[in-house]
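Beneath this line is the structure, given in structure tokens, with notes to follow.
The values are calculated or read from the model by the stated rules, or taken from the named source; none is laboratory data. All values derive from a computational prediction rather than experimental measurement. In this analysis, Cβ positions are derived from the backbone assuming ideal geometry, glycine residues included, and neighbour counts consider all displayed protein chains. What goes into the accessible areas is simple: the full protein's heavy atoms, side chains included, and nothing from ligands, DNA or RNA. Shrake-Rupley method; radii C 1.70, N 1.55, O 1.52, S 1.80 Å.
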Amino acid sequence: MKKNVISFVLAGIVAFSVNAQSKLEDLVSAENAKKLRETGRIELIHEKEDFDLHIVPDCEYKAKIEKEVIAKDLKAVPFVAEFLYLVPKADLLKGSNKTNINVNDMSVVMRSISKMKGMTYVHNNGKKTDVLYKEAYTIDGENSLNKIADKIEGSADGLVSYCYQKDNTYGDTFYVLNYKENSNSVYGTFLNTAPLQYLGVKAIMPRDMKISIASFDCGDSLLLYIACDCNAKQVPLFNVRKQILESMTCRMEAIFKWFMGQF
């Protein structure tokens with residue numbers, strides 16, 4: 001009887017461990033799963049009139065992600081881009097003292113705003129590398145400059161936080177961060193709470209740009225979804241969409257590399 005109880009408990013532990021991971025094909029289409037296994041990434045830059053999100057992983061947050069897009073004004077400059085990345089855990093653990101990566105690890109990374117200070121990005125059509133965030137830290141309230149410790153304890157589920165970043169292009173930037181977490185994934189959004197300025201012009205007004213990041217435990221790999229959704233202002237004699245396209249795609253790639261380098 002005692003052996004049967006132990007076997008039952010062990011079976012339950014194994015079943016929970018398996019259920020706490022997602023199969024790639026459960027999250028993305030078979031076509032996209034094939035592409036991800038072959039190339040490791042999918043990049044989708046939307047046409048100007050295409051505001052819907054098309055490659056959000058099939059998860060409990062999907063409806064929320066798709067519904068809470070930035071309101072667009074066709075007289076302005078809407079921009080939407082989505083990225084999917086699939087990375088083997090073995091590649092991330094090379095040279096690390098860790099033996100595995102779980103949801104708590106992903107959650108801590110997504111909340112470690114201060115570690116984004118000094119991260120670099122490649123821009124100017126791949127010709128130049130600069131520091132993206134000269135400063136980055138969690139703050140005690142919206143548009144505050146009072147630095148506090150990153151909120152990395154416990155689960156991120158339901159957490160609302162704020163951060164400041166000194167951006168190489170946009171200068172002083174402020175965001176409100178909202179998080180969701182479950183047994184196999186973490187989802188976070190960065191929504192700007194102050195204007196983003198470019199060359200002295202307020203190019204993106206408050207709450208007109210959102211960066212969404214969702215990370216999924218797929219057993220031996222991590223799936224990362226990153227999206228940029230914004231509604232920028234028209235600026236006379238200036239190609240705003242071209243600037244946003246280069247600026248934001250460079251940032252998404254930098255965020256991906258930073259995130260994957262934290263393990």
For the chain, projected area of the alpha-carbon convex hull averaged over all directions, nm²:
16.4
Could you compute Rg(Cα) / (2.2 N^0.38 Å) for the stretch 68-112, with N its residue count?
1.88
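From the P(r) of the stretch 141-263, can you give the percent of Cα pairs sitting at distances over 23 Å? Numbers along the way, then the final one.
Working: 2681 of 7503 pairs.
For the stretch 141-263, the fraction of Cα-Cα distances above 23 Å is 36 percent.
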From most to least accessible, 1.4 Å probe, no ligand or DNA/RNA atoms counted, Glu68, Glu60 line up as Glu60, Glu68
Cut-off 14 Å, label 7 Å out along Cα→Cβ of Arg207, residues of the stretch 125-143 by amide N
142-143
Between 0 and 90°, nearest 10: helix 30-39 axis offset from the chain longest Cα axis
80
Bin by bin, in steps of 10 Å, what percent of the Cα pairs in the stretch 75-149 do you find, going until the bin that has the longest distance?
13, 26, 40, 19, 2, 0
Cα point-scatterer Debye curve for the stretch 215-260, base-10 log of I(q)/I(0) at q = 0.13, 0.25 Å⁻¹
-0.43, -0.93
The stretch 102-170: GluC sites (Glu not before Pro) in DSSP loop, at most 10 other beta carbons within 10 Å
Glu153
Taking the Cα centre of each part, how many Å lie between the stretch 191-263 and the stretch 64-89?
9
A chain fully extended from Asn239 to Asp130 at 0.36 nm per residue, minus the present Cα-Cα distance, gains in nm 37.0 nm
Reference-scaled alpha-carbon Rg (2.2 N^0.38 Å with N residues) for the stretch 158-226
1.32
Loop-only check: which trypsin sites (Lys or Arg not before Pro) in the stretch 161-204 are DSSP coil with at most 10 other Cβ within 10 angstrom?
none
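Could you state the accessible area per residue of the chain in Å², with a 1.4 Å probe and every protein chain left in place?
Averaged over the residues of the chain, the accessible area is 51 Å².
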Value at 222 nm in deg cm²/dmol, rounded to 500, when DSSP H runs of n ≥ 4 in the chain each add -39,500 (n - 2.57)
-8000 deg cm²/dmol
How far is helix 2-19 tilted, in degrees, relative to the longest principal axis of the Cα atoms in the chain, given as a value from 0 to 90 rounded to the nearest 10?
20
In whole percent, and with a 1.4 Å probe on the protein chains, what portion of the accessible area of the chain is carbon and sulfur?
53
